1. Angle between the Cα long axis of helix 8-25 and the longest principal axis of the chain, 0 to 90 degrees, nearest 10?
2. In Å², what does the accessible area per residue of the chain work out to with a 1.4 Å probe?
3. Ignoring any ligand, DNA or RNA, what whole percent of the accessible area of the chain comes from carbon and sulfur when the probe is 1.4 angstrom?
4. Skipping prolines and chain starts, which residues have an amide H placed within reach, meaning under 5 Å, of the one on Leu34, given they are 5 or more residues away or on another chain?
5. Tell me, Kirkwood radius of the chain from alpha-carbon pair distances, in Å?
6. Quick one: angle between helix 36-63 and the longest Cα principal axis of the chain, in degrees between 0 and 90, rounded to 10, please.
Amino acid sequence: MPSMSYCMFENTASEMGQCLEAMENAESLADLDLNQYEHQAFLSMFRICRDFLAEHERLLNKENV
């Protein structure tokens, strides 16, 4: 179920924190023991995070104009 707009960043931050903790505890990608679907989600999350950072930068630049 998607997060409600008033708490989507809060809920997502909590879930991302759990994912980051799992990554920090792993020595390699193999240690994450991802199945095919989780591996695809892992790659998708990487792309989303990269795009998130780009959008963050864009929004900051708009504030500083």
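1. 40
2. Details: 6100 Å² over 65 residues.
I get 94 Å² per residue for this part.
3. Working: 3540 of 6100 Å².
Carbon-and-sulfur percentage of accessible area, whole number: 58.
4. none
5. Working: mean 1/r = 0.0721 Å⁻¹.
Mean inverse Cα-Cα distance, inverted, gives 13.9 Å.
6. The angle comes out at about 20 degrees.
The values are calculated or read from the model by the stated rules, or taken from the named source; none is laboratory data. Because the structure is a prediction, the values reported are computed rather than measured. Accessible surface areas use protein heavy atoms only, side chains included; no ligands, DNA or RNA. Shrake-Rupley method; radii C 1.70, N 1.55, O 1.52, S 1.80 Å.
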